[in-house]
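K.L.:
Right, I'll just put the structure down here and ask away after.
The values are calculated or read from the model by the stated rules, or taken from the named source; none is laboratory data. Predicted model, so just to flag it, every value in this text is computed and none were measured. With ideal geometry, Cβ positions are generated from the backbone for all residues, glycine too; neighbour counts draw on all protein chains shown.
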Amino acid sequence: MGDIFEAFGDDEPTPQRVRSERRRKRRTRATAVIVAALAVLAGLTFAVIPNVQFWISSNPLTDLFGNGAEDYAEGQEGEPVQITIPEGSTGADMASILASADVVASREAFINAFNADAGAGSIQPGTYELPTKIPAQRAVTLLKDHAGQRIDMQITIPEGFTRTQVHERVANIMDVPLDDVVAASENTEAIGLPAEAGGNVEGWYMPQTYMFNPDTPVHEILGEMIAARVAELDALEVPADQRQELLIKASILEREVNQEEYYPMVARVIENRLVDTASVNGRLQMDSTVLYGVGKSGGIPTRAELDDDNPYNSYIYAGLPPTPIGAPGHAAIDGILNPAEGDWLYFVTVDLYTGETLFAATLDEHNANKQKLDQWLAENPDYGSTTAPAQEEAGGDE
């Protein structure tokens, strides 16, 4: 016990001092053990880390960390293949498609390259022809700058196109016989034409731009256009038994108006005329339906055409024509669903450059508005030499 007593110097040891010194020595020994354990652990860590790093760099799971992913080198390029990037694809989706086609060596390599390229987000859906066995970064670049690589066919259907115009465009762009396109349109089950269309595709092709693989069958092309229309009507919650009537009205509106601001007002004219019994007796008297009945899609009908007796002649027959007269766009459909409030039965465009249109509830008001059109035509004698005439009016002299 001499060392204990020495720790207290010349002072007389007491039981309290002895116990205190023993506690201090136990703490010192415990600290020494902890320090030694940490030193051993540190040594083990430094010994293990190089081996772990080697395992990560050589193991396929390395790709989870974004490093060392398997990738093709320049100069390994193989035969080209066609791949399709669907609408809404993410970088990971593209990676799976490219890796499956052997364009890139691994999903992870493409994901890394995609994430590292600030412009990768501009990659568009479509069908591309790409070499196989290329570096992931080159695949990103080819998809991003798709000139020369993208091979899908673009088909744009404008608002107001008739089924004949749609069929002709599909035939020309896809380089198939027109008869084949017409035949496909008549296979209503294959193209998914709803029963409420009555077997007639007119008005059911959704006007927009589509992208197709060059090998896409014609019935799938027409089916996608119809599916797009059905999806639009579904989104608007239009009941199935009201869809055909809606498309008929909207197709007339599409062809009668060239300024969207007037859509709700002309929609009201259509609704008012259909129920009127005093002035127009339910007749629309609109040139667009007359022209459709004689196989035209624009212009101003002649006297002979106005007298032509066919179901689309709304000067002769009251009510709606039997089918739509073209493909209405979303704005026209919205106009029919949300017509303006008013008692108008007539309208006439009085400035064929700006599209300014005037509306009237009586024939006298309408005739006064028509005089403004006559004045405009007199002041613009060259109009029509290079510009096709716009639809001018609804309703003739009673």
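K.L.:
Return the residues of the range 127-138 that are farther than 24 Å from residue 216 by Cβ, touching a residue at least 40 places away in the same chain (Cβ under 8 Å) and not basic (Lys, Arg); say none if nothing qualifies.
P.N.:
134, 135, 136
K.L.:
Return the residues of the range 207-225 that are touching a residue at least 40 places away in the same chain (Cβ under 8 Å) and out of contact with any helix residue (DSSP H, G or I) (no Cβ under 8 Å at 6 or more places or on another chain); say none if nothing qualifies. Lay out the reasoning, then the answer.
P.N.:
First, the residues of the range 207-225 that are touching a residue at least 40 places away in the same chain (Cβ under 8 Å): 207-214, 216, 218, 221-222, 225.
Of everything in the range 207-225, those that are touching a residue at least 40 places away in the same chain (Cβ under 8 Å) and out of contact with any helix residue (DSSP H, G or I) (no Cβ under 8 Å at 6 or more places or on another chain) turn out to be 207, 209, 211, 213.
Here is a yes/no grid of residues against (1) assigned by TED's automatic domain parsing to the domain that holds residue 128; (2) of a type outside the set (S, T, N, Q); (3) surrounded by fewer than 16 Cβ atoms within 10 Å (Cβ to Cβ); (4) under 21 Å from the mean Cα position of the chain (by Cα):
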{"site": "159", "(1), (2), (3), (4)": "no, yes, no, yes"}
{"site": "163", "(1), (2), (3), (4)": "no, yes, no, no"}
{"site": "168", "(1), (2), (3), (4)": "no, yes, yes, no"}
{"site": "172", "(1), (2), (3), (4)": "no, no, yes, no"}
{"site": "178", "(1), (2), (3), (4)": "no, yes, yes, no"}
{"site": "181", "(1), (2), (3), (4)": "no, yes, no, no"}
{"site": "185", "(1), (2), (3), (4)": "no, no, no, no"}
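K.L.:
Does residue 253 count as at pLDDT 95 or above, aliphatic (A, V, I, L, M), part of a helix (DSSP H, G or I) and in contact with a Leu (Cβ under 9 Å, 6 or more places away or on another chain)?
P.N.:
Judged against the criteria, residue 253 is not a match.
K.L.:
Follow-up question, since we're still on this one. Can you name the number of the only condition in (1) closer than 28 Å to residue 172 by Cα; (2) over 27 Å from the mean Cα position of the chain (by Cα); (3) hydrophobic (A, V, I, L, M, F, W, C) that residue 266 fails?
P.N.:
Condition (1) is where residue 266 drops out.
K.L.:
Let me ask another. Got a number for residues in the range 193-240 being buried (at least 16 other Cβ atoms within 10 Å of the Cβ), part of a loop (DSSP other than H, G, I, E, B) and of a type outside the set (Ser, Thr, Tyr)?
P.N.:
Counting residues in the range 193-240 that are buried (at least 16 other Cβ atoms within 10 Å of the Cβ), part of a loop (DSSP other than H, G, I, E, B) and of a type outside the set (Ser, Thr, Tyr) gives 10.
K.L.:
For the condition among the hydrophobic types (A, V, I, L, M, F, W, C) and free of Cβ contacts under 8 Å to residues at least 40 places away in the same chain, what is the one hit in 250, 228? I'd like the intermediate steps shown before the answer.
P.N.:
On the way: 250 fails: free of Cβ contacts under 8 Å to residues at least 40 places away in the same chain.
Matching residue, one of 250, 228: 228.
K.L.:
Is it fair to say residue 269 is farther than 18 Å from residue 338 by Cβ, surrounded by 15 or more Cβ atoms within 10 Å (Cβ to Cβ) and assigned by TED's automatic domain parsing to the domain that holds residue 332?
P.N.:
On the way: farther than 18 Å from residue 338 by Cβ: no; surrounded by 15 or more Cβ atoms within 10 Å (Cβ to Cβ): yes; assigned by TED's automatic domain parsing to the domain that holds residue 332: yes.
Taking the combined requirement at face value, the residue does not satisfy it.
K.L.:
Of everything in the range 272-306, what is outside any loop (DSSP other than H, G, I, E, B), closer than 15 Å to residue 348 by Cβ and either assigned by TED's automatic domain parsing to the domain that holds residue 162 or not basic (Lys, Arg) (or both)? Give them in sequence order.
P.N.:
Just the residues of the range 272-306 that are outside any loop (DSSP other than H, G, I, E, B), to begin with: 272-275, 286-293, 303-306.
With closer than 15 Å to residue 348 by Cβ added as a condition, the list becomes 273, 286-288.
Of everything in the range 272-306, those that are outside any loop (DSSP other than H, G, I, E, B), closer than 15 Å to residue 348 by Cβ and either assigned by TED's automatic domain parsing to the domain that holds residue 162 or not basic (Lys, Arg) (or both) turn out to be 286, 287, 288.
K.L.:
I want to confirm something. Restricting to the range 295-344 and keeping residues that are among the β-branched types (Val, Ile, Thr) and either modelled with pLDDT of 95 or more or under 21 Å from residue 208 (Cβ atoms) (or both), which single residue is surrounded by the most Cβ atoms within 10 Å (Cβ to Cβ)? Steps first, please.
P.N.:
Here is the first cut: in the range 295-344, the ones among the β-branched types (Val, Ile, Thr) are 300, 302, 316, 323, 325, 333, 336.
Filter once more, so that each one left must be either modelled with pLDDT of 95 or more or under 21 Å from residue 208 (Cβ atoms) (or both): 316, 323, 325, 333, 336.
Working: 316: 16, 323: 21, 325: 29, 333: 24, 336: 25.
So the residue we want is 325.
K.L.:
Looking at this structure, is residue 124 closer than 21 Å to residue 212 by Cα, surrounded by 14 or more Cβ atoms within 10 Å (Cβ to Cβ) and without any contact (Cβ under 8 Å) to a residue 24 or more places away in the chain? Step through it out loud before you land on a result.
P.N.:
Working: closer than 21 Å to residue 212 by Cα: yes; surrounded by 14 or more Cβ atoms within 10 Å (Cβ to Cβ): yes; without any contact (Cβ under 8 Å) to a residue 24 or more places away in the chain: no.
No; evaluated as a whole, the condition is false for this residue.
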